[in-house]
1. Out of (1) more than 25 Å from W198 (Cα to Cα); (2) outside any helix (DSSP H, G or I), the odd one out for E72 is which?
2. Suppose we filter region 1-53 for residues that are at pLDDT 80 or above and either outside any loop (DSSP other than H, G, I, E, B) or surrounded by fewer than 17 Cβ atoms within 10 Å (Cβ to Cβ) (or both); how many remain?
3. Considering only helices (runs of 4 or more DSSP H) fully contained in region 78-155, which possess at least 2 residues that are over 27 Å from D191 (Cβ atoms)?
4. When the residues of region 67-90 are narrowed to those that are among the small types (G, A, S) and under 14 Å from R141 (Cα atoms), which ends up surrounded by the fewest Cβ atoms within 10 Å (Cβ to Cβ)?
5. For A201, work out the one condition from (1) within 20 Å of the chain's Cα centre (by Cα); (2) over 20 Å from I118 (Cα atoms); (3) exposed (fewer than 13 other Cβ atoms within 10 Å of the Cβ) it doesn't fulfil.
6. Check off (1) without any contact (Cβ under 8 Å) to a residue 40 or more places away in the chain; (2) surrounded by fewer than 20 Cβ atoms within 10 Å (Cβ to Cβ); (3) closer than 30 Å to A197 by Cβ for D109 and give me the number that stays unchecked.
Amino acid sequence: MRAERGTASRDMALHADATRPSRRDQILQAAAQLFAERGARAVGVDDVGAAVGVTGPAIYRHFASKDAMLAEMLVRISERLLAGGSERVAEAGDDGADRLRALIAFHVDFALDNPALITVQDRDLGSLTDSDAAEVRRLQRSYVEVWVSVVAQVHPGADAATCRARAHAVFGLINSTPHSAGRLGRPAMADLLTRMAWSAATS
């Protein structure tokens, strides 16, 4: 299924201010849509420029290259996941089940609201330079460990490796949304994913 284009409510995790996105943010959002549809390697700077109504060379006032766009895109969403997940856990209090519900709700919302970013993160991480890929993976590992600590509260007898495997399994379920999200309305899809993720995380 192709990622949806031109939907203002989609892939807003790239925007520092979703109500007034900067030109840089708009470029990143357009690039995310195009990368999700075609793959980063198949998209040129001119394609991104056309999507935001500027010439390709004008893109270079904001980004040194297409690779720089991809790197900033993946670093930003990894930072948002880590910051958002950590915040939800802190707000949920000390109970492990409450924390897990908060994390699941956060990740479900993120996946449903950012389908192109989920696709690009999954498919194009290998296109980054070694240093950029290392930074993204560092942030991703930190986000995983937020989940591991919460899953360990819910399964106090499980070791860290099992909790980590369980967290990754839940990510795989929720991050399937680029393939499944259009089949149900958003509330129904969010409810389905939340219930399935809860069952997977607590079984």
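1. Result: E72 fails condition (2) only.
2. Applying the first criterion (at pLDDT 80 or above) to region 1-53 yields 22-53.
Now drop any that are not either outside any loop (DSSP other than H, G, I, E, B) or surrounded by fewer than 17 Cβ atoms within 10 Å (Cβ to Cβ) (or both), which leaves 22-42, 44-53.
Here the count works out to 31.
3. Values: elements: 96-113, 115-124, 130-154.
Once the helices (runs of 4 or more DSSP H) in region 78-155 are filtered for at least 2 residues that are over 27 Å from D191 (Cβ atoms), what remains is 115-124, 130-154.
4. Step one: filter region 67-90 for residues among the small types (G, A, S), giving 68, 71, 78, 83-86, 90.
Filter again for under 14 Å from R141 (Cα atoms), leaving 78, 83, 85-86.
On the way: S78: 21, A83: 12, G85: 23, S86: 15.
By that ranking, first place goes to A83.
5. Only one criterion is unmet by A201, namely (3).
6. D109 satisfies every listed condition except (1).
Here's the yes/no breakdown for (1) touching a Leu at 6+ places or on another chain (Cβ under 7 Å); (2) outside the structural domain of L173 (by TED's automatic domain parsing); (3) within 30 Å of T202 (Cβ to Cβ):
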residue: A64; (1), (2), (3): no, yes, no
residue: R80; (1), (2), (3): no, no, yes
residue: R88; (1), (2), (3): yes, no, yes
residue: D98; (1), (2), (3): no, no, yes
residue: I104; (1), (2), (3): no, no, yes
residue: T119; (1), (2), (3): no, no, yes
residue: A134; (1), (2), (3): no, no, no
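The values are calculated or read from the model by the stated rules, or taken from the named source; none is laboratory data. This is a predicted model, so every value here is computed, not measured. Note that we place each Cβ from the backbone using ideal geometry, even for glycine, and neighbour counts take in every protein chain shown.
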